[in-house]
1. Of these, 18, 3, which one is among the basic types (Lys, Arg), over 15 Å from the mean Cα position of the chain (by Cα) and at pLDDT 90 or above?
2. Just checking, does the stretch 26-33 include any residue being modelled with pLDDT under 90 and crowded, with 17+ Cβ neighbours inside 10 Å?
3. Does residue 10 satisfy the criteria of being at pLDDT below 90 and either open to solvent by less than 70 Å² (accessible area, probe 1.4 Å) or on the phi < 0 side of the Ramachandran plot (or both)?
Amino acid sequence: MTKNNLNNSSGIFIFNYKNELLICHPTGGRHDTNWSIPKGQIDKNETTLDAGIRETLEETNIDLSDVIY
């Protein structure tokens with residue numbers, strides 16, 4: 001994985017066994033009318049995968065850290 005700067009964001013597509021996509025509804029801010037996958041800014045020295053896993057945990061409480069990719 002490559003390291004990224006703060007100008008990038010990362011997210012993870014999560015599907016269930018019915019092939020349904022998990023989407024989230026943010027609260028507050030300028031995006032409060034949109035639905036999207038769990039995503040967010042990549043922290044300094046964080047990989048895109050690590051950022052996606054962290055953002056998913058923060059926004060959905062789903063811990064993907066032990067999932068094999």
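The values are calculated or read from the model by the stated rules, or taken from the named source; none is laboratory data. Everything quoted here is computed from the prediction, not taken from an experiment. In this analysis, Cβ positions are derived from the backbone assuming ideal geometry, glycine residues included, and neighbour counts consider all displayed protein chains. Ligands, DNA and RNA are stripped out before the accessible areas are found, and what is left, the full protein with its side chains, is counted by its heavy atoms. Shrake-Rupley method; radii C 1.70, N 1.55, O 1.52, S 1.80 Å.
1. Selected residue: 18, the only one of 18, 3 that is among the basic types (Lys, Arg), over 15 Å from the mean Cα position of the chain (by Cα) and at pLDDT 90 or above.
2. For the stretch 26-33, residues modelled with pLDDT under 90 and crowded, with 17+ Cβ neighbours inside 10 Å: absent.
3. Answer is no for this residue.
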